[in-house]
Each structure stands twice: as structure tokens, then as C-alpha cells.
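Only one structure is covered here, and it is reproduced in the block below.
The values are calculated or read from the model by the stated rules, or taken from the named source; none is laboratory data. Everything numeric here is computed off the predicted structure, so don't read it as measured data. Positions of Cβ are backbone-derived with ideal geometry, glycine not excepted, and every protein chain shown enters the neighbour counts. Remember, those area values only see protein heavy atoms, side chains included, never the ligands or the DNA or RNA. Shrake-Rupley method; radii C 1.70, N 1.55, O 1.52, S 1.80 Å.
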Amino acid sequence: MDNTDNLFHPSLAAALMKLDPEDGEQIMEYFKTHALLTREKALLQASVRDQKKLLVENGKLKKDIEQLRAQLQEKQRRRTAKALFSPAPPPPTVNPAPTTPVDQPPSPAGATAAVPSNAPPPSSHDHRDRHSRRRRGDRNSRPSSDSFSLEVRPRVDVSRLDLRVGRILSVRQHPLTDAMSVQEVDVGENAPRTVVSKLGVKTNQEELQGSLAVLLCNVKACKLRGVVSQARLLCCSTSDDHTELLTPPTGSTPGDRVTFLNYPGDPDRELQSKQRVWELLQPDLQVDSKGVANYKGCGFEVKGKGLCRAPSFTNCAIR
């Protein structure tokens, strides 16, 4: 028996057949079909609601996992720093040398001169002076904990880079060399930054004006052929002649941070040249076969807006 038969009482079917013997069966079939469609629609709507609820719960779980991972890494860094900078334990107490008893027998021939029996015993004040001199000597000879802490290398990963979205306001040729150009870039600050770049000779500099780019903003400002550069434009290249600027996702605005899901953390205030952080990270900055910029397989991401890409290049280095 069809499941829709349970939706109607037999007396209803009998009444319809009595009122309209010819079309009663068709009317009943219509009612059954309509009831079945109504039930399927209700089931489908409930399934969609459950699916949306699961998506929301999955998003919350993912966010909680990211927060727990960041807290765990922060606790690990604090524990390591506490172990490195904790004070050294005090040196063991040196026991005073035993004094020679008065009734001790004379030393054998050839030995050093013995302390005369009528010599006064060393006072506690003299003992403290000798003990303090020995402790001062131990401190001077012991290497300090600071020397060890300076040798500990900090973490080197992409989270130390301050990568931001910027809009190129203007482009001009470098006044002293044809191999470089000078850009004024808005990175969401009160004033634009001046950037000196070495773009390929085949790059159309006029097309760059008004476009979005990805910039490394915590490099130390330096002069390049007489012009101070305050940031670094990230580009990808297959040769020295032809380069492309990395493109932020649609909807990005100047000042948006570029982050990495697997490498949380705050960037350095300024990269120290002695640590060579950029030089160590650059070999792992690549554009993959889909044109997505990534670090060790983790994409350059502007949260809520998407991934950074190369306009047309694939499988190439980022510099």
C-alpha cells in the first residue's frame, strides 16, 4: 500500500467517490501527490537547515583549534624563554680547612713547617674573607647565562614577515639608473611609502599605476642609488627580463594583512639584517602549478577575501 494512503481516512475516499463517481479517483490521486510533494519539501528544508548548522559548527571548531594552537605555541615560547633566562644555581658552600689540633704529633722530616702550637686559631672574620674571595673568583671564571642566551637562534618562519596589501599610486623612472623604478605606494598608513624596485625591462610600468600589490613592510629602510626605499614589492619571475607583481584577492584594500594559516604569530617590528630572515625564507616562497603564492605549501591569504596569486606565471620563485 502507498505511504500516501495513510494520509487520508477511508471515509474521505468513499465520500469523494459518492460525490463524484467519475473523477473521485483522480481527485484522490491529486491529493495524494500533493501531500507527498509537501512532505518531500519539508524533509528537504530540514536537511538544508541541518547542513547550514553543521557548516557553522565546523567554522567555530576550526576557529577554536586555531586559537588553541596559538595559545600552545605562545606557552611553549614563554617556557623556553623562562628556561633560558632563569638565574644560575648558587655555587656549593666551601667547607673551611680543618685546623691542626694542639696535641697532634710533630710532622715527619722533610715536611713543610707546621703551625706552632701557640699560634692563635683563625678567626671567623678571616674565614669569611677567604670564602668571599674564593666566591668572587668563581663568579669571574664562570660564563654568564647571557652569553648562552645570545647564541639561541629565534624562530625563522614566514610569520615574522609583515606582508600587507598596497595600492601603487605612481611610478617613475629612477633618476640615476634605468634598471630601477620608484613607486609611491599606499599601505593603509597616514602617508604613502616610497619603494625602489628592480622590475624587468619587459614590464609595462604605466600599467602598474593604480594596481594592488603585496609588500614586505618591516624591512629596514635603505638607500638604493640615492633614493630611500621603505618597503619591498613582492613579484614572481621566470627570468630577469620579465616579472609579475603578486596580485591580492578581489576586494582587498590597502593595509590588509597577508597571513598564513599554519604559521600564526605577530611579525617583527623590523627585520634585523644580521639575522638574514628574508634570505633564509625566500627559497621557500614559491608560486605553485595553480598560480597561488605559498610558503612551504601554505598560501598567502587575506582573511575573508582569498589567496594571493600570480597573474599568469606558474611554478616560479617569489622575490
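Close contacts from region 263-275, counting a first residue that is farther than 14 Å from residue 77 by Cβ and a second that is of a type in the set (Val, Ile, Thr) and surrounded by 12 or more Cβ atoms within 10 Å (Cβ to Cβ), with Cβ to Cβ under 6 Å and a gap of 6+ residues or different chains, come to 271/219; 271/277. Considered as a group, the residues in region 216-271 that are within 11 Å of residue 195 (Cβ to Cβ) and of a type in the set (S, T, N, Q) include one that is least open to solvent (accessible area, probe 1.4 Å), and that residue is 229.
Quick one: would you say residue 214 is closer than 21 Å to residue 238 by Cβ and either of a type in the set (A, V, I, L, M) or in a loop (DSSP other than H, G, I, E, B) (or both)? Spell out the reasoning first.
Details: closer than 21 Å to residue 238 by Cβ: yes; either of a type in the set (A, V, I, L, M) or in a loop (DSSP other than H, G, I, E, B) (or both): yes.
Considered against the rule, which asks whether it is closer than 21 Å to residue 238 by Cβ and either of a type in the set (A, V, I, L, M) or in a loop (DSSP other than H, G, I, E, B) (or both), residue 214 comes out as yes.
Between a first residue in region 15-35 that is open to solvent by less than 70 Å² (accessible area, probe 1.4 Å) and a second residue that is hydroxyl-bearing (Ser, Thr, Tyr), which pairs have beta carbons less than 7 Å apart while being 6 or more apart in sequence or on different chains? Taking only residues 6 or more apart or on different chains, the pairs are 32/4; 35/4.
Return a yes/no flag: does region 44-65 have any residue that is in contact (Cβ under 8 Å) with a residue 12 or more places away in the chain, among the acidic types (Asp, Glu) and under 25 Å from residue 155 (Cβ atoms). No; the residues of region 44-65 include none that is in contact (Cβ under 8 Å) with a residue 12 or more places away in the chain, among the acidic types (Asp, Glu) and under 25 Å from residue 155 (Cβ atoms).
Selection of region 291-319 for residues being open to solvent by 60 Å² or more (accessible area, probe 1.4 Å) and within 15 Å of residue 244 (Cα to Cα) yields 309, 311, 312, 314, 315, 319.
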